[in-house]
1. What do the square roots of 5 times the Cα gyration tensor eigenvalues come to for the range 128-362, in whole Å, largest first, as semi-axes of the equivalent ellipsoid?
2. Once the dipole of the range 181-242 is set up with Lys and Arg at +1 and Asp and Glu at -1 on Cβ about the Cα centre, which of Thr227, Ala186, Val211 lies farthest towards its positive end?
3. Using only Cα atoms, find the angle between the long axis of helix 273-287 and the longest principal axis of the chain, and express it within 0 to 90 degrees, rounded to the nearest 10.
4. Which angle from 0 to 90°, rounded to the nearest 10, does the C-alpha axis of helix 244-255 make with the longest principal axis of the chain?
5. Express in nm, to one decimal, how much length is gained between Lys24 and Asp6 on full extension, taking 0.36 nm for each residue of separation and deducting their alpha carbon distance.
6. Arranged from highest to lowest average of other beta-carbon atoms within 10 Å per residue, in what order do the peptides 133-146, 182-195 appear?
7. Take Lys118 and Ala176, extend 7 Å from each Cα along the Cα→Cβ direction, and tell me the distance between the two endpoints in nm.
8. Quote the charge dipole size of the chain about the Cα centre in Debye, to the nearest 20; the model charges only the Cβ of Lys and Arg (+1) and of Asp and Glu (-1).
Amino acid sequence: MNDGPDIGAVARQFEIRGEFLDAKRYGSGHINDTYRAVFNEGGAEARCILQRINKHVFKTPPALMENIQRVTAHLAEQVAGEQDRGRRVLNLIPARAGKYWHLDDEGNYWRAYHFIDKARTYDCAESPQQAFQAARAFGQFQQQLSGLPAPRLHDTILDFHNTPKRFAALEQAIAADVAGRVALAAPEIEFAMARQSMTGVLLNANLPERVTHNDTKFNNVMLDDETGEGICVIDLDTVMPGLVLYDFGDMVRTTTSPAQEDEQDLSKVTMQFSMFEGLVRGYLASAGGFLTKEEKEYLAFSGKLITFEIGVRFLTDFLCGDTYFKVHRQGHNLDRCRTQFKLIESIERQEEPMNRLVESIAG
């Protein structure tokens with residue numbers, strides 16, 4: 001590689017066998033820098049994932065890595081008797097210095113995972129069956145972590161899904177207008193202000209705190225190439241205490257619409273009811289046994305709330321000058337905001353049948 005970090009030098013800091021051959025950027029994440037590295041191991045090609053943790057987003061990478069090490073070790077115990085267990089949990093590769101992360105000379109934190117073969121992620125769900133598989137995998141992930149021993153996991157981002165505080169940050173961004181963009185987002189600001197009343201609903205519902213993923217985008221589940229099964233939940237940076245409905249709500253946000261998260265043609269953005277049904281059936285198939293009655297009652301609402309929260313976050317970042325999410329074009333965060341708000345409108349038109357479906361499946 002001619003630009004960017006020396007991935008070969010980073011790879012040598014981890015207990016990876018073989019000769020480093022090459023590395024390329026991998027995935028479509030907004031936050032961390034991810035590379036797929038290739039090695040010559042005894043004449044055979046071996047691969048791993050190397051990630052540079054975004055230290056501006058995650059202020060305490062060692063605490064984040066302690067969470068991930070505990071969670072992956074616990075999940076590995078849960079699947080120890082399964083035939084394909086090496087592909088069902090992310091497996092960290094230790095650093096040669098003895099930790100599960102490496103700190104380079106520029107103050108960057110790196111980690112390494114074994115590569116999961118014969119499976120991939122999808123940015124958009126292609127069928128209700130794929131939605132079912134992803135939701136079942138996330139529900140199983142929550143269920144398996146319901147028995148994680150004490151102590152409580154670290155909060156890797158404080159108030160990550162605190163929707164009222166996210167809304168307050170938007171109000172501050174509007175007042176400050178540091179990038180001079182408020183006038184460009186007048187319709188989106190008006191849309192957000194009209195829905196402020198929903199922001200505290202889940203926090204005020206007295207729901208139990210659990211170990212949750214907190215970033216359950218559809219592309220954070222790997223689907224098996226042959227069977228289509230959801231086999232491994234990835235991107236564990238935000239695994240921490242939270243509400244299960246944050247996870248289900250983000251599944252609705254990222255799985256039910258056929259459009260990309262930053263789609264500029266808003267006519268493509270819609271909440272597909274068949275996809276929602278796949279999510280509900282898959283999620284309750286694996287998580288239904290430990291959910292409370294109240295958690296089930298808010299399943300449909302959670303999709304609208306988390307879509308609103310993420311839309312507010314995109315709008316706030318746009319107004320602040322794009323300081324959090326990676327952008328690749330002018331107005332990128334505003335485009336992302338608009339897709340979220342268009343999806344909310346579609347959800348609002350279908351809320352009654354969504355609630356009836358959940359009730360009929362949950363019993």
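Quick note: the coordinates plus some simple rules give every number you see, no bench work behind them. It should be emphasised that the depicted structure is a prediction, and the values quoted were computed from it without experimental measurement. Ideal geometry is used to build each Cβ from the backbone, glycine not excepted, and the neighbour counts take in all protein chains shown.
1. In descending order, the three semi-axes are 28, 20, 18 Å.
2. About the Cα centre, the residue reaching furthest to the positive side is Ala186.
3. 60 degrees
4. Between helix and principal axis, roughly 90 degrees.
5. Taking 0.36 nm per residue and subtracting the Cα distance, the gain is 5.4 nm.
6. 133-146, 182-195
7. Going from the Lys118 label point to the Ala176 one covers 5.1 nm.
8. 380 debye
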